[in-house]
1. Restricting attention to segment 22-31, report how many residues are touching a strand residue (DSSP E or B) at 6+ places or on another chain (Cβ under 9 Å) and of a type in the set (Asp, Glu).
2. Any residue in segment 34-47 that is among the polar types (S, T, N, Q) and either crowded, with 23+ Cβ neighbours inside 10 Å or part of a loop (DSSP other than H, G, I, E, B) (or both)?
3. From the list Glu95, Glu17, which one is of a type in the set (Asp, Glu), under 17 Å from the mean Cα position of the chain (by Cα) and more than 22 Å from Glu156 (Cβ to Cβ)?
4. Condition first: under 25 Å from Gly231 (Cβ atoms) and modelled with pLDDT under 95. Can you find one or more residues in segment 178-197 that meet it?
5. Which of the following residues is part of a helix (DSSP H, G or I) and among the hydroxyl-bearing types (Ser, Thr, Tyr): Thr135, Thr188, Thr173, Thr154?
6. Just wondering, is there one or more residues in segment 87-100 that are farther than 20 Å from Ala161 by Cβ and not acidic (Asp, Glu)?
7. With (1) under 28 Å from Ala48 (Cβ atoms); (2) touching a residue at least 60 places away in the same chain (Cβ under 8 Å); (3) buried (at least 16 other Cβ atoms within 10 Å of the Cβ); (4) touching a helix residue (DSSP H, G or I) at 6+ places or on another chain (Cβ under 8 Å) as the list, and Gly169 as the residue in question, which single condition is left unmet?
8. Pairs needed: first member in segment 95-110, in contact (Cβ under 8 Å) with a residue 60 or more places away in the chain; second member anywhere, crowded, with 19+ Cβ neighbours inside 10 Å and of a type in the set (Ser, Thr, Tyr); C-beta distance under 7 Å; at least 6 residues apart or different chains.
Amino acid sequence: MRRKLAAGNWKMNGTTEALQELSALQATHSDPNVDILICPPATLIAAAAQTCQGGPVMIGGQDSHEKSDGAHTGDISAAMLRDAGAKAVILGHSERRAGHHETSEDVRAKARTAQAAGLMTVICLGESLGQREATNTLDIIGAQLSLSVPDSSTGENLVVAYEPIWAIGSGMTPTADQIGEVHDFIRTRLESRFGPGVGRSVRLLYGGSVKPDNAAEIFSISNVDGALVGGASLTNADFSPIIEALEKA
């Protein structure tokens with residue numbers, strides 16, 4: 001039985017004042033029926049981990065380098081994230097793939113290093129609007145999945161997040177059938193590659209304009225084990241209803 005996961009990506013948002021939202025989140029969900037992960041900016045990871053110590057909220061990073069150390073100015077290694085208190089890291093987000101020209105091979109190398117450091121890797125996949133309109137969605141997702149996920153992946157260290165690029169922050173959301181088609185496809189591919197045991201244990205998240213008013217419908221879809229949420233994860237008031245919807249799913 002896969003445990004549900006509500007993950008929040010704060011992106012480039014949040015200063016020390018935002019830690020009070022984590023305290024409120026912990027107080028609201030003191031004994032949650034789902035796993036909760038918040039990935040704040042790197043400057044807040046250590047303080048966030050301390051704020052959430054002993055509570056239900058896990059802290060993660062938003063990226064890590066493929067090397068464990070070295071002359072990589074401005075980068076953060078998986079070991080550094082782990083040392084700061086992180087338990088997970090988001091890799092391959094579309095904003096990293098586009099803005100930093102990361103390939104799926106880059107994501108795979110980062111994920112391999114992060115998993116070796118003991119971090120759970122949340123690997124993001126997603127198609128553009130042009131690719132969706134050209135009906136190439138499953139080809140794009142299949143290639144990203146194959147190239148981004150390392151052979152060292154298990155149900156404990158891998159989470160796959162499907163985030164259609166055209167739905168991120170746009171207010172547009174795919175239909176339930178579109179989401180279900182992709183999630184079922186990912187599940188089948190994982191089972192084929194890793195076998196039924198691992199393939200069925202990897203959690204699949206949906207991301208892209210997830211809000212309190214559409215969360216329940218999304219969480220009722222086949223093979224949707226939770227969500228990777230952007231803007232709506234920045235405050236307890238917005239994120240808690242999504243978590244509650246997941247608990248009821």
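1. Of segment 22-31, the ones touching a strand residue (DSSP E or B) at 6+ places or on another chain (Cβ under 9 Å) are 22, 25-26, 29.
Narrowing further to those that are of a type in the set (Asp, Glu): none.
Selection size over segment 22-31: 0.
2. Scanning segment 34-47 turns up no residue that is among the polar types (S, T, N, Q) and either crowded, with 23+ Cβ neighbours inside 10 Å or part of a loop (DSSP other than H, G, I, E, B) (or both).
3. Unique residue meeting the criteria: Glu95.
4. The answer is yes, given that some residue of segment 178-197 is under 25 Å from Gly231 (Cβ atoms) and modelled with pLDDT under 95.
5. Thr188
6. No; the residues of segment 87-100 include none that is farther than 20 Å from Ala161 by Cβ and not acidic (Asp, Glu).
7. (3)
8. Filtered contacts from segment 95-110: no entries.
The values are calculated or read from the model by the stated rules, or taken from the named source; none is laboratory data. Everything quoted here is computed from the prediction, not taken from an experiment. All Cβ positions, even for glycine, are placed from backbone atoms using ideal geometry, and neighbour counts span all protein chains on display.
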